[in-house]
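The values are calculated or read from the model by the stated rules, or taken from the named source; none is laboratory data. Quick caveat: nothing in here was measured; it's all calculated off a predicted structure. With ideal geometry, Cβ positions are generated from the backbone for all residues, glycine too; neighbour counts draw on all protein chains shown. Just the protein is used for accessible areas: all its heavy atoms, side chains included, with ligands, DNA and RNA removed. Shrake-Rupley method; radii C 1.70, N 1.55, O 1.52, S 1.80 Å.
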Amino acid sequence: MKKQYVGLLLTLWIGAVAAWAQPEQPAQNGPIDFLVEHDARVRGLLQEAPGDTLPRALKDTIKARINAAFDFEELSRLALGTHWEQRTPEERAHFVRTFSGIIREQNFDSFVRYYREGTIRYDGQQIDGDRAVVKASVPLERETVSIAYDLHKRGDQWLVCDLSIDGASTAEGNRRRYARYLEKKSYAMLIQQLDKQLARLLEDGK
């Protein structure tokens, strides 16, 4: 059962809340507060839809709202690992745009499904300065999947920079995949493939 859900859960990242448990002494404006507020805003936007079909303008607004929870520059840095340092500022900006676009387009339907139907429970948070881990759980039909959100602060804003499913880091998975590709082919070929993937997703989403 779990294997049927892991791929979908990996797209969840910020989740949808049906119930959540605060620590006994939650921090004001802490990471759980951020996630819960963010979820509420997305749910509010979805309620504006006249039915199951989202008008284009509302769909774009919801995509922007969902992705406001991510630090895509940090996600991109983690995805490229040591290869990030070898890239020029222009190459980094290009990668961030493409990588974030793929996540935005590829995972939108799953995001919406979980915001409408999800039953994620936030179980607690651990804060260490500007870093935090939020533990959550997702009850499935026969078992419960554990999720850990890694967040950090940019200014006074908490942002998601990684997600682990049953201990498996999404950032680490991306880094291994891209590293294997770059062992055999060039960075130019990698970004070309990612640009093509994004173009296909954008065309399919019209």
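Out of 131, 113, 104, 97, which single residue is of a type in the set (D, E, K, R) and either in contact with an Asp or Glu (Cβ under 8 Å, 6 or more places away or on another chain) or more than 23 Å from residue 61 (Cβ to Cβ) (or both)? Break it down into steps so the answer makes sense when it comes.
On the way: 113 fails: either in contact with an Asp or Glu (Cβ under 8 Å, 6 or more places away or on another chain) or more than 23 Å from residue 61 (Cβ to Cβ) (or both); 104 fails: either in contact with an Asp or Glu (Cβ under 8 Å, 6 or more places away or on another chain) or more than 23 Å from residue 61 (Cβ to Cβ) (or both); 97 fails: either in contact with an Asp or Glu (Cβ under 8 Å, 6 or more places away or on another chain) or more than 23 Å from residue 61 (Cβ to Cβ) (or both).
Criteria check complete, one pass: 131.
Is it the case that residue 21 is in contact with an Asp or Glu (Cβ under 8 Å, 6 or more places away or on another chain), modelled with pLDDT under 85 and among the hydrophobic types (A, V, I, L, M, F, W, C)? Spell out how you get there, then give the answer.
Working: in contact with an Asp or Glu (Cβ under 8 Å, 6 or more places away or on another chain): yes; modelled with pLDDT under 85: yes; among the hydrophobic types (A, V, I, L, M, F, W, C): yes.
Yes, satisfied.
Answer yes if at least one residue in region 54-74 is in contact with a Cys (Cβ under 6 Å, 6 or more places away or on another chain) and either crowded, with 16+ Cβ neighbours inside 10 Å or part of a helix (DSSP H, G or I) (or both), and no otherwise. First the steps, then the outcome.
Quick first cut of region 54-74, residues in contact with a Cys (Cβ under 6 Å, 6 or more places away or on another chain) only: 71, 74.
Those left that are additionally either crowded, with 16+ Cβ neighbours inside 10 Å or part of a helix (DSSP H, G or I) (or both): 71, 74.
Within region 54-74, one or more residues are in contact with a Cys (Cβ under 6 Å, 6 or more places away or on another chain) and either crowded, with 16+ Cβ neighbours inside 10 Å or part of a helix (DSSP H, G or I) (or both).
Mind listing whichever residues of region 106-130 are part of a strand (DSSP E or B), surrounded by fewer than 20 Cβ atoms within 10 Å (Cβ to Cβ) and of a type in the set (Ser, Thr, Tyr)? Walk me through how you get there before you give the answer.
We begin by selecting, within region 106-130, every residue part of a strand (DSSP E or B); these are 120-128.
Right, trim to surrounded by fewer than 20 Cβ atoms within 10 Å (Cβ to Cβ) and you get 121, 123-124, 126-128.
Those that are part of a strand (DSSP E or B), surrounded by fewer than 20 Cβ atoms within 10 Å (Cβ to Cβ) and of a type in the set (Ser, Thr, Tyr): none in region 106-130.
When you scan region 133-143, do you find a residue that is more than 16 Å from the chain's Cα centre (by Cα), at positive phi and open to solvent by 50 Å² or more (accessible area, probe 1.4 Å), even just one?
No, that holds for no residue.
Do you know which residues across region 113-145 are among the β-branched types (Val, Ile, Thr) and closer than 24 Å to residue 74 by Cα?
Initial filter on region 113-145 (among the β-branched types (Val, Ile, Thr)): 119-120, 127, 133-134, 138, 144-145.
Selection gives 127, 133, 134.
Can you tell me which of (1) under 22 Å from residue 175 (Cβ atoms); (2) in a helix (DSSP H, G or I); (3) open to solvent by less than 10 Å² (accessible area, probe 1.4 Å) is the one residue 103 doesn't meet?
Against the list (1) under 22 Å from residue 175 (Cβ atoms); (2) in a helix (DSSP H, G or I); (3) open to solvent by less than 10 Å² (accessible area, probe 1.4 Å), residue 103 comes up short only on (3).
Would you check if there is a residue in region 145-163 being surrounded by fewer than 13 Cβ atoms within 10 Å (Cβ to Cβ), without any contact (Cβ under 8 Å) to a residue 24 or more places away in the chain and under 17 Å from the mean Cα position of the chain (by Cα)?
Within region 145-163, the subset surrounded by fewer than 13 Cβ atoms within 10 Å (Cβ to Cβ) is 154-156.
Those still in the list that are without any contact (Cβ under 8 Å) to a residue 24 or more places away in the chain too: 155.
From what's left, under 17 Å from the mean Cα position of the chain (by Cα): none.
Checked against the condition, which is being surrounded by fewer than 13 Cβ atoms within 10 Å (Cβ to Cβ), without any contact (Cβ under 8 Å) to a residue 24 or more places away in the chain and under 17 Å from the mean Cα position of the chain (by Cα), region 145-163 yields no hits at all.
Evaluate region 75-83: report whether one residue or more is touching a strand residue (DSSP E or B) at 6+ places or on another chain (Cβ under 7 Å) and either part of a strand (DSSP E or B) or under 16 Å from residue 38 (Cα atoms) (or both). Working first, answer last.
Start the filter on region 75-83 by keeping residues that are touching a strand residue (DSSP E or B) at 6+ places or on another chain (Cβ under 7 Å), which leaves 75, 78.
Subsequent filtering for residues that are either part of a strand (DSSP E or B) or under 16 Å from residue 38 (Cα atoms) (or both) retains none.
Scanning region 75-83, I find no residue that is touching a strand residue (DSSP E or B) at 6+ places or on another chain (Cβ under 7 Å) and either part of a strand (DSSP E or B) or under 16 Å from residue 38 (Cα atoms) (or both), so the answer is no.
Kindly indicate the residue of region 172-206 that is outside any helix (DSSP H, G or I) and without any contact (Cβ under 8 Å) to a residue 40 or more places away in the chain and also surrounded by the fewest Cβ atoms within 10 Å (Cβ to Cβ) among those meeting that condition. Steps first, answer last, please.
Within region 172-206, the subset outside any helix (DSSP H, G or I) is 185-186, 205-206.
Checking the rest, the ones that are also without any contact (Cβ under 8 Å) to a residue 40 or more places away in the chain come to 185-186, 206.
On the way: 185: 12, 186: 10, 206: 5.
It comes out as 206.
For region 121-156, enumerate the residues that are among the polar types (S, T, N, Q) and modelled with pLDDT of 90 or more. So that I can check it myself, show each step before the final result.
Residues of region 121-156 among the polar types (S, T, N, Q): 125-126, 137, 144, 146.
Once the filter is applied, which keeps residues that are among the polar types (S, T, N, Q) and modelled with pLDDT of 90 or more, region 121-156 yields 125, 126.
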